[in-house]
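Worksheet: the structure to be examined is printed underneath.
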Amino acid sequence: MPFNKINNNNNLKISKAALWDNYELLEDLLSEEAHLINCVDSWGRTPLHASAITADSQCMRILINAGADVNIQCGPRGDNKTALHLSAEHGHASNMKELLNAGASFTVKDINGLTPLDLADRGKHEECITILREAAGK
């Protein structure tokens with residue numbers, strides 16, 4: 001799905017619903033405006049990126065099932081991170097499992113040349129490190 005810049009109130013509501021893990025609101029908004037699933041804010045972040053920083057995100061599962069692109073990178077202001085980078089950086093192992101099961105790439109590098117494993121290692125998130133190493137077959 002193509003990127004959609006946030007330019008109306010519903011785009012912003014979708015991202016906020018994902019950030020606050022308000023799955024009921026997210027489902028309502030997506031039922032009316034599913035084409036906004038990969039909309040981006042001024043930092044180039046999608047609702048999936050917003051959901052990635054919330055532990056055990058229910059909205060992440062909804063977004064993935066609705067067709068969100070799991071490999072979209074944030075814009076340069078967001079360091080070109082994917083949702084997997086953000087989940088690894090914040091130590092959210094359950095989110096990482098959701099993303100990997102949906103086909104998220106663990107080899108993508110951010111603007112600083114870092115992979116999700118690098119960020120998990122930097123944050124000393126042992127469960128995340130284990131998940132990523134298993135995904136890589138190491």
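Each reported figure results from applying straightforward, stated rules to the coordinates on display, with no laboratory input. None of the values given here were measured: they were computed from a predicted structure. Every residue, glycine as well, gets a Cβ built from its backbone with ideal geometry; the counts of neighbours run over all protein chains shown.
Listed values, structure above:
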{"read-out": "Hits in region 50-67 (condition: assigned to a loop (DSSP other than H, G, I, E, B) and hydroxyl-bearing (Ser, Thr, Tyr))", "value": "Thr54, Ser57"}
{"read-out": "Condition broken by Val70, with the remaining ones in (1) aliphatic (A, V, I, L, M); (2) touching a Gly at 6+ places or on another chain (Cβ under 8 Å); (3) not in a loop (DSSP other than H, G, I, E, B) satisfied", "value": "(3)"}
{"read-out": "Enumeration of residues in region 12-38 that are under 15 Å from the mean Cα position of the chain (by Cα) and either surrounded by fewer than 17 Cβ atoms within 10 Å (Cβ to Cβ) or not in a helix (DSSP H, G or I) (or both)", "value": "Lys16, Trp20, Asp21, Ile37, Asn38"}
{"read-out": "Unmet requirement for Leu114, which otherwise passes all of (1) over 18 Å from Tyr23 (Cα atoms); (2) buried (at least 23 other Cβ atoms within 10 Å of the Cβ)", "value": "(2)"}
{"read-out": "Filter result (of a type in the set (Asp, Glu) and either over 21 Å from Trp43 (Cα atoms) or in contact with a Phe, Trp or Tyr (Cβ under 9 Å, 6 or more places away or on another chain) (or both)) within region 86-138", "value": "Glu98, Asp118, Asp121, Glu126, Glu127, Glu134"}
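Here is a yes/no grid of residues against (1) closer than 22 Å to Asn112 by Cα; (2) buried (at least 24 other Cβ atoms within 10 Å of the Cβ); (3) of a type in the set (S, T, N, Q):
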position: Val40; (1), (2), (3): yes, no, no
position: Ala52; (1), (2), (3): yes, yes, no
position: Ala55; (1), (2), (3): no, no, no
position: Ile62; (1), (2), (3): no, no, no
position: Asn65; (1), (2), (3): no, no, yes
position: Gln73; (1), (2), (3): yes, no, yes
position: Asp79; (1), (2), (3): yes, no, no
position: His85; (1), (2), (3): yes, yes, no
